Amino acid sequence: MRARGRAGVAELAYAADLKSVVASATCGFDSHPRYHTMETRGQLLSSPTDVKLHIIGMAGSGKTTLARWAAAEFGIPAHDLDYVVYGDAGERPEAEIVARLEEIRAGRGWVTEGAYRNAWLHPLLADSDSIVWLDVPLRTCLYRIVRRHVIAEMSRTNPHPGWRRLVWFLNYTRRIAHCADIESRELLAPHRDKVTRCQSSADMRAVRTELKRLASPRLGTG
């Protein structure tokens, strides 16, 4: 893995566990023998589409929320890439990560989400019909991180308990924000024709409308 590809490792290792605690309290996670999915239970369409969507953004940018919506709206599985990259023993070798991504790419339709900006994402991005970059203000991300931590602390299910750890992660997120922006631009540049950049709630509403338009012919409603 390239040196700059490790920029988000600490961010992701912390956010993955913290996010899973909050998510499991709201809609639950479905396990797969090979990778982790986040299908919204009981809301999938009877006729899944072949829409392929990737969502990228920093911790707290809203990736999981949008992925759940897409899974429910289009009847496709949503894959949190944290569970592709990390296993019980820690970060997986790059060859194994690539193999797991190939399994996802082989599916009829899917939505993937993660903060990763590594070169091994390019085949997935090339296969995607649409890429959503959640480039929301840093203050919004920080607020959501704090909110998640508080919820996890109150439920006493926080795998990273303690306020010092939260302060460290907030400071870390601030430090890498500029670097993450540059790396995201570089990663997405070859795929710019299908990238939608979201910086506000209005942008998010527009993205959902556009994704519905993209999927409508495949659902037979266009």
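The values are calculated or read from the model by the stated rules, or taken from the named source; none is laboratory data. Just so you know, these numbers come straight off a predicted model, no measurement behind them. Neighbour counts run over all protein chains shown; Cβ positions are idealised from the backbone, glycine included. Please note that ligands, DNA and RNA were not included when accessible areas were found on the heavy atoms of the full protein model with its side chains. Shrake-Rupley method; radii C 1.70, N 1.55, O 1.52, S 1.80 Å.
Yes/no matrix, rows are residues, columns are (1) touching a residue at least 40 places away in the same chain (Cβ under 8 Å); (2) of a type in the set (Ser, Thr, Tyr); (3) more than 25 Å from ASP181 (Cβ to Cβ):
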| site | (1), (2), (3) |
| --- | --- |
| VAL85 | yes, no, no |
| ALA99 | no, no, yes |
| TRP110 | yes, no, yes |
| GLY114 | yes, no, no |
| ARG144 | yes, no, no |
| SER155 | yes, yes, yes |
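On the basis of being over 18 Å from the mean Cα position of the chain (by Cα), open to solvent by less than 80 Å² (accessible area, probe 1.4 Å) and under 27 Å from PHE74 (Cβ atoms), does LEU170 make the cut?
Details: over 18 Å from the mean Cα position of the chain (by Cα): yes; open to solvent by less than 80 Å² (accessible area, probe 1.4 Å): yes; under 27 Å from PHE74 (Cβ atoms): no.
So LEU170 fails the test.
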### Task
Select from segment 124-137 the residues that are modelled with pLDDT of 95 or more and not in a loop (DSSP other than H, G, I, E, B) and write down the one among them that is nearest to ARG208 (Cα to Cα).
VAL132
### Query
Out of curiosity, is LEU187 open to solvent by less than 70 Å² (accessible area, probe 1.4 Å), among the aliphatic types (A, V, I, L, M), assigned to a helix (DSSP H, G or I) and modelled with pLDDT under 85?
no
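Can you tell me which residue is surrounded by the fewest Cβ atoms within 10 Å (Cβ to Cβ) among those in segment 128-141 that are over 15 Å from SER201 (Cα atoms) and of a type outside the set (Gly, Ala, Ser)?
Within segment 128-141, the first condition is being over 15 Å from SER201 (Cα atoms), and the residues that meet it are 128-131.
Right, trim to of a type outside the set (Gly, Ala, Ser) and you get 129, 131.
Details: ASP129: 16, ILE131: 23.
Residue satisfying both the conditions and the ranking: ASP129.
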### Message
So ILE151 ticks every box in (1) open to solvent by 40 Å² or more (accessible area, probe 1.4 Å); (2) within 24 Å of ILE182 (Cα to Cα) but one. Which box is left unticked?
### Response
(2)
### Message
Only one of GLU11, GLU94 is at pLDDT 95 or above, surrounded by 14 or more Cβ atoms within 10 Å (Cβ to Cβ) and among the charged types (D, E, K, R). Can you tell me which?
### Response
GLU94
### Query
Limited to segment 118-127, what total is found for residues that are farther than 17 Å from ARG185 by Cβ and either polar (S, T, N, Q) or open to solvent by 30 Å² or more (accessible area, probe 1.4 Å) (or both)?
3
### Query
If THR157 passes every condition in (1) at pLDDT 90 or above; (2) touching a helix residue (DSSP H, G or I) at 6+ places or on another chain (Cβ under 6 Å); (3) over 28 Å from GLU94 (Cα atoms) but one, which one does it miss?
(1)
### Task
Looking for whichever is in contact with a Gly (Cβ under 6 Å, 6 or more places away or on another chain) and open to solvent by 50 Å² or more (accessible area, probe 1.4 Å) here; the options are ARG144, ARG105, ARG165. Which one fits?
ARG144
